[in-house]
Each structure stands twice: as C-alpha cells, then as structure tokens.
Amino acid sequence: MGHLIGKEYCLDHLIEVAKSIVLAIHKAPQITGKTKIEAEIIWGGDLEPIIEVMGPVASVMRYVKWDYETIKNCYDKGESPVIIAIGGKISSSNLNWNCGACGFSTCKEFNAYSKEYKGGGQLGGPSCNWKVLDWAMACDWACASAWQYRVDNRIMGSVGFALNALGFLPGMDAKLGLALGPPRDMVYYNREEMHKSMSYEMDKRDMVSCVPTMFTAFPGGGTPMYKTKDDWWAPPEFMGVGYSPEVMEVYQQVLFEQVPELVVKHADKIAERYKKK
Amino acid sequence: MKKYVEDLNFCGEEYVGEWTPWSPQDIRRKKCVLEAARLMVDSAFTAPFAGGVPSLEAHIVYGQEELEAIARKVEEIAHTQESWKEPFLYEAVMVRDSDVVIFLGNTRCHETPLDAGCGMCGGTLDCGYFYEQKTTKHGLVDITDRSSDKMINGPLCSARVGDLGYAVGSALWTAATLMVDARPFASMGMAGQKMGYCPNSGMVVGVPVAAKAKNPYVDVNVDYHLINMDKVLDNTRKIYQTARIIRGFDYRKWIPKPQKPAGEDD
C-alpha cells in the first residue's frame, strides 16, 4: 500500500537507473577485448568538487560554461543530476598490433613515449586509438542506455576534465562524465537552465567570431569588411588575427592557478575514498 | 514530382530459411538482415559526436563474392604480422559466415581534427603531436600522399576516433535491440579500408551482421580457420562419397539387412 507523489522519488530512482546504465557500460562490445573500463556514480554533495573545478574553466570556455551552469543550477535548486564517470585504460597498448594509428610504427615505441607523456593533456592522452574506440563504445552504450530509460542525458568532456583533475577513477587514463536528469525534458539540450544568460548581441558577436564566412563582405580587395551590424558599411569593420596575451594570461591563470588550487582543496578527500575501497 | 503509387494488392507469402546457403529462402533471410544493417547505420549517424560535427561515412556490403573478397583481404592482412595471424584468420571465417558487413569510418580523424587541444592523441596541452607529424600548411593537412608503410597512417585525432567509437557503439546498440548478431572488428575495418570502402576515412571499423541459429562471432573452436562449418561440410563431401563407393549392391535386387538373432527364421 502506498503512493508516490512529486519528484523526490524520481531523483532517488535516478541512482537506480544509473546503476543499470553502468551494467550497459560494462556490457558494451569491444574491438580489442582488452580495454579496462571503470565507472563510478556520483551525486548530491559529492558533485560539489566537480562543479567547483568546472567554474573557472567555464569562465574561459563557452561549452564548459553551458555544462557548468546547467549542472550547478540544477544542483542549487535541489534537483541534483547524477553523474556517471566513465574511465578507460587507454594510454598503453597490450595489443602488439603495430598498426601505426597512434603515429608510431610499433606498440613498443608508443608505450615508451606514453610512459613519458602520460596524462599531459586536458583529457589524458596519449592514447592507443583502438582502445579509444573501445572506451568510446562503452560511453556510447551509457548514452544509449540512458535514452532507453527516457532520462535526459549528455556525455561531457567538461566533466571529464574535472574528473581527471580531481583524481576520480585513479586507475583510468581517460574520463568522461555522463550527466543524467533531473527528470524533465530538455535539461542538456535547448538548456532551459541557460535562459536569459545570453543576449542577442552576445549571440551575434559569437557568430561573427566563430562563423566569420557568414559575415564576410566582398573579399576581392584582399581585406574584406565584416557585416557586424545592419549598416555594416558605415563605418566598415575589419577582422584581425594576432596573439592575445590577455587571453593567454586568463588561460594560464585558470589552468595553472585556479584549477590546481581547487584540486588541492579536494584531492586528498577524493583519493581517500579509493584507498578505503 | 513523382507520385508514390501505393501497392494495395496486399497478399503473398515468403518462405524464409537458413538452409541451404544462398537458396531463395536464405537470400530472403539475408535481405531481412540487410534491413537491420541499414537501421544500424542510421543509428550510427545519430550517435553523439564532439561538437555535433558530421564526420561519419558508411558502406554496407553484401553478396557472396563481395564477402569472399573481404575475407581474403583479412587473410592477407593476417599473414603480415604474427600478432594478427591467428585471430584475423578466425575472423575471416566470420566474414564468410556473415550476411552483411557494415564499414564505418571517420572522415576527419586524419585531416580535420577537433582542434580543441584535448591532448588525447599525444598527451600534450595542444594539438602539436598530431600536426607535427603531418604534412601541413597553416594547419591544413595535406592528405594527397596516401602511401604509408603502416597499416593505418597515424597519428589520428583521438577525439575524432572517439566519435567513430560512438558511431560503432550506436550501430551495435541497435543490432542488440533488433536481436541480430553483430560485433566490431579491427581486422575487417583495416581490410575494408585497404579495399577502398569508406574512401574518405582515416580509420575504419568493420561490423559484420548475421541472423542465424548460431551467432557467428562467438564460441569458436581452436584453429577455427581450419575447422569451421564450411570446412566440416566440405570434408563431409570429401569423405562420404568415397565411403559409398567401397561397397556394392544393386538395391533393386538386394539390400543388406541386420543379422537376425540365432533361432529366428527368415
């Protein structure tokens, strides 16, 4: 006897759905049959370090900002998404296929290189590309499984960066995060949480910067004007390309100061969790 | 515009069966698999891709001669490297046992990378690992020299390779949903790429598909390239005929019968 009303139980059930999705992750087919995959389900207060690390990156990277604000807004409203961290051990090859996809002639050479440079990229790396395929298939099965449960979801490199920086799934070389729920339509697509965070002018500026060919005037002169406003010819505006110390300074601050500070704040506690296991 | 003419003569029958191979009933069964393969390819195209960028191409291959050619290419590749030899020879048998082979390739991993500085290819904070090993001008990769002493002309953008993995995963998810058997293979992918399938791709994965009583891609025996259903059948043909000719009687006049127990009369 009993009845369930409201959304509270749906949020609880998201965790059960996440467990089923993890089953699909481990069931996903592999090409090599030799790629180690691990997954971890994170929700509630344990999302806070991830959200915190995404914060400064969001200030310099638009797609991270969108992910960050969506997850943070949901969390702040008490509608915590559930994140599945999906890791793959892909930075070394035990295949001995010597196929060349990594850029080296032999797996042995790749492994020697990887030993030196492992983990240097924002999302890990270097990678055996056959193992990338295996790991990506596991991530894809996670997404497909989530859709089968009709739970809004999105696989996120932005969360993967935070997982990597904070030391989640320590044995894994590459990580992505699958954000699930809260239970409603279009959390991560169309992004209702982001309404009013982007002005018309900002959208237009973005388009001119990112898709300049759409706004390029007659290029025959060699220095085309750009249609940055309705009366773009009066006075005309031009685009320039150059090194930006300001942009680079902000990147450096985020990557080498702000993120490491947050990592120091949380990493020990997160590492402790794995020691217990 | 051509108007769709609906066939309202809705009646008929289709006999479908797995035996004998390439019989009308078997070909009808294969056509069902082809429909499944087409849906699998649709799923592959809807897989999540980094930045939503289209980067997938597909080839669907079927037919006795076509699959035989793929199998032979897999066998050829098998003999180029010791670590490939045994598994790839087994997988050539699987090609012959398939109804359809799908090739999925990524058209950007070798030429137009994600350029996001993710570091997955070389473990660095930029895309230098990829570009420094390619012939480029202003970040534009010149792929016109397609010669390579390696099976795959790497390095590749691993983010794009990841996109290919998503595509293959989605195709396989649909196969599982439709309950047709399918698995992803490197051997078939490399063979397909060398044969010119997915011609614009830097990396190709082969996904054979079948709908038979026994899944062709699992539960194989040792020396599968020597002992498999085709070989068993051929050996039966080899042995049984000879077994027939080493005995002789005119069945119209006399057929040997089991010996009666002692005391029983004819």
Q) Out of all the residues in region A:116-150, which are more than 10 Å from chain B (Cβ to nearest Cβ) and either buried (at least 22 other Cβ atoms within 10 Å of the Cβ) or of a type in the set (D, E, K, R) (or both)? A) A:Ala146, A:Arg150
Q.
Testing B:Tyr62 on (1) away from every other protein chain (no Cβ under 11 Å); (2) of a type in the set (Ser, Thr, Tyr); (3) surrounded by fewer than 24 Cβ atoms within 10 Å (Cβ to Cβ); (4) out of contact with any Lys or Arg (no Cβ under 7 Å at 6 or more places or on another chain), one condition comes back false. Which one is that?
A. (4)
Q: Scan region B:118-145 and report the pairs whose first residue is more than 7 Å from every other protein chain (Cβ to nearest Cβ) and whose second residue is assigned to a strand (DSSP E or B) and β-branched (Val, Ile, Thr), with Cβ atoms within less than 8 Å and a gap of 6+ or a chain change.
A: B:Tyr131/B:Val141; B:Lys134/B:Val141; B:Thr135/B:Val141; B:Asp142/B:Thr136
Q: Residue by residue through region A:184-198, note down the ones that are open to solvent by less than 50 Å² (accessible area, probe 1.4 Å) and either under 24 Å from A:Gly44 (Cα atoms) or over 21 Å from the mean Cα position of the chain (by Cα) (or both).
A: A:Val187, A:Tyr188, A:Arg191, A:Glu193, A:Met194
Q: Just give me the residues in region A:74-112 being away from every other protein chain (no Cβ under 14 Å), touching a Lys or Arg at 6+ places or on another chain (Cβ under 8 Å) and under 21 Å from A:Leu123 (Cβ atoms), in sequence order.
A: A:Ala85
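Can we say B:Glu82 is farther than 20 Å from B:Gly202 by Cβ, within 14 Å of another protein chain (Cβ to nearest Cβ) and in contact (Cβ under 8 Å) with a residue 40 or more places away in the chain?
Numbers: farther than 20 Å from B:Gly202 by Cβ: yes; within 14 Å of another protein chain (Cβ to nearest Cβ): yes; in contact (Cβ under 8 Å) with a residue 40 or more places away in the chain: no.
No; evaluated as a whole, the condition is false for this residue.
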Q: Could you give me the residue pairs with C-beta distances under 7 Å whose first residue belongs to region B:159-171 and is at negative phi, whose second residue is open to solvent by less than 10 Å² (accessible area, probe 1.4 Å) and β-branched (Val, Ile, Thr) wherever it lies, and which are 6+ apart or on separate chains?
A: B:Val161/A:Val132; B:Gly162/A:Val132; B:Leu164/B:Val205; B:Gly165/A:Val132; B:Val168/B:Val205; B:Val168/B:Val207; B:Ala171/B:Ile102; B:Ala171/B:Val207
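Is there a residue being free of Cβ contacts under 8 Å to residues at least 60 places away in the same chain, open to solvent by less than 40 Å² (accessible area, probe 1.4 Å) and of a type outside the set (Gly, Ala, Ser) anywhere in region B:89-111? Talk me through it step by step, then tell me what you get.
So in region B:89-111, the residues free of Cβ contacts under 8 Å to residues at least 60 places away in the same chain come out as none.
The answer is no, given that none of the residues of region B:89-111 is free of Cβ contacts under 8 Å to residues at least 60 places away in the same chain, open to solvent by less than 40 Å² (accessible area, probe 1.4 Å) and of a type outside the set (Gly, Ala, Ser).
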Q: Collect the residues in region A:260-277 that are under 17 Å from A:Leu47 (Cβ atoms) and surrounded by 13 or more Cβ atoms within 10 Å (Cβ to Cβ), keeping them in residue-number order.
A: A:Leu262, A:Val263, A:Lys265, A:His266, A:Ala267, A:Ile270, A:Arg273
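Output the residues belonging to region A:212-250 that are among the hydrophobic types (A, V, I, L, M, F, W, C), surrounded by 10 or more Cβ atoms within 10 Å (Cβ to Cβ) and farther than 18 Å from A:Ser59 by Cα. Break it down into steps so the answer makes sense when it comes.
Going residue by residue through region A:212-250, those that are among the hydrophobic types (A, V, I, L, M, F, W, C) are A:214-215, A:217-218, A:225, A:232-234, A:238-239, A:241, A:247-248, A:250.
Among the residues that remain, those that are also surrounded by 10 or more Cβ atoms within 10 Å (Cβ to Cβ) are: A:214-215, A:217, A:225, A:232-233, A:238-239, A:247-248, A:250.
Within region A:212-250, A:Met214, A:Phe215, A:Ala217, A:Met225, A:Trp232, A:Trp233, A:Phe238, A:Met239 qualify.
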Q | Of residues in region B:216-259 being polar (S, T, N, Q) and part of a loop (DSSP other than H, G, I, E, B), the one farthest from the chain's Cα centre (by Cα) | A | B:Gln259
Q: Of all residues in region B:149-174, count the ones that are outside any helix (DSSP H, G or I) and either basic (Lys, Arg) or at the interface with chain A (Cβ under 8 Å from one of its Cβ atoms) (or both).
A: 8
(Q) Every residue in region A:150-193 that is farther than 30 Å from A:Ala267 by Cβ and in a helix (DSSP H, G or I), please. (A) A:Glu192
Q.
Looking only at region B:175-202, filter to residues that are part of a strand (DSSP E or B) and in contact with a helix residue (DSSP H, G or I) (Cβ under 6 Å, 6 or more places away or on another chain); which one of those is farthest from the other protein chains (Cβ to nearest Cβ)?
A. B:Ala182
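The values are calculated or read from the model by the stated rules, or taken from the named source; none is laboratory data. If you're wondering where the values come from, they're calculated on a predicted model, not measured in any experiment. FYI the Cβ positions are ideal-geometry reconstructions off the backbone, even for glycines, and counts take in every protein chain you see. For accessibility, only protein heavy atoms count, side chains too; no ligands or nucleic acids. Shrake-Rupley method; radii C 1.70, N 1.55, O 1.52, S 1.80 Å.
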